[in-house]
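Structure first, commentary second.
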Amino acid sequence: MELDDTICYCFHISKRKIVNFIRVNHPRRASQLTECGGAGTGCGWCVNYLKRFFAESQDATLADGLTPDEYARQRAAYIKAGHGKPAAGAIPLPDAPE
Ligand code: FES
C-alpha cells in the first residue's frame with residue numbers, strides 16, 4: 001500500500017497520516033493510534049492493520065504487502081461477515097450502490 005491509500009475507511013485516514021502520527025507522537029502502544037483522527041474506533045476493520053503499522057515502526061523488517069484493492073475487498077468481507085459496523089460517513093464498501 002502507498003502512503004496516500006486509505007487505512008481507516010470509517011474516518012478517512014490514510015497510511016500517511018498514521019505513519020506521520022507514529023513518527024511525530026511516538027506512541028507507546030498501538031491503541032494510542034486511535035488518537036489519530038479516531039482511527040480504528042468505527043467498525044474495527046483496520047485495527048489489526050494499525051497494530052501492524054505500529055509493529056513496523058518498532059521493527060522495520062515487517063511489510064504489509066497488500067494492494068489498496070485487496071485491502072478494501074478484505075474490509076468489505078469483514079463487514080459483511082458481521083464483524084463491525086462502519087462509522088457514519090465511512091467510505092462505502094467497494095460493491096455498495098452509489
Ligand atoms: S475502517 Fe477503521 S474503524 Fe472502520
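Derivation of every value follows stated rules applied to the coordinates shown; laboratory data play no part. Source: prediction; values computed, not measured.
Brief remarks on what is shown
- Phi-derived couplings, Karplus 6.51 cos²θ - 1.76 cosθ + 1.60 at θ = phi - 60°, listed residue by residue for the range 78-92: 4, 5, 5, 7, x, 7, x, 10, x, 5, 4, x, 5, 4, x Hz, with x used for Gly and Pro.
- Under 21 Å from the Cα of K51 - lysines, other chains or at least 8 residues apart: K15, K17, K85
- Every pair of different Cα atoms in the chain enters the Kirkwood calculation, which places the hydrodynamic radius at 13.6 Å.
- For I13, distant residues with modelled amide H under 5 Å away: I7, C8
- Full extension of the segment from N20 to K51, taken as 0.36 nm per residue of separation minus the current Cα-Cα distance, would add 9.7 nm.
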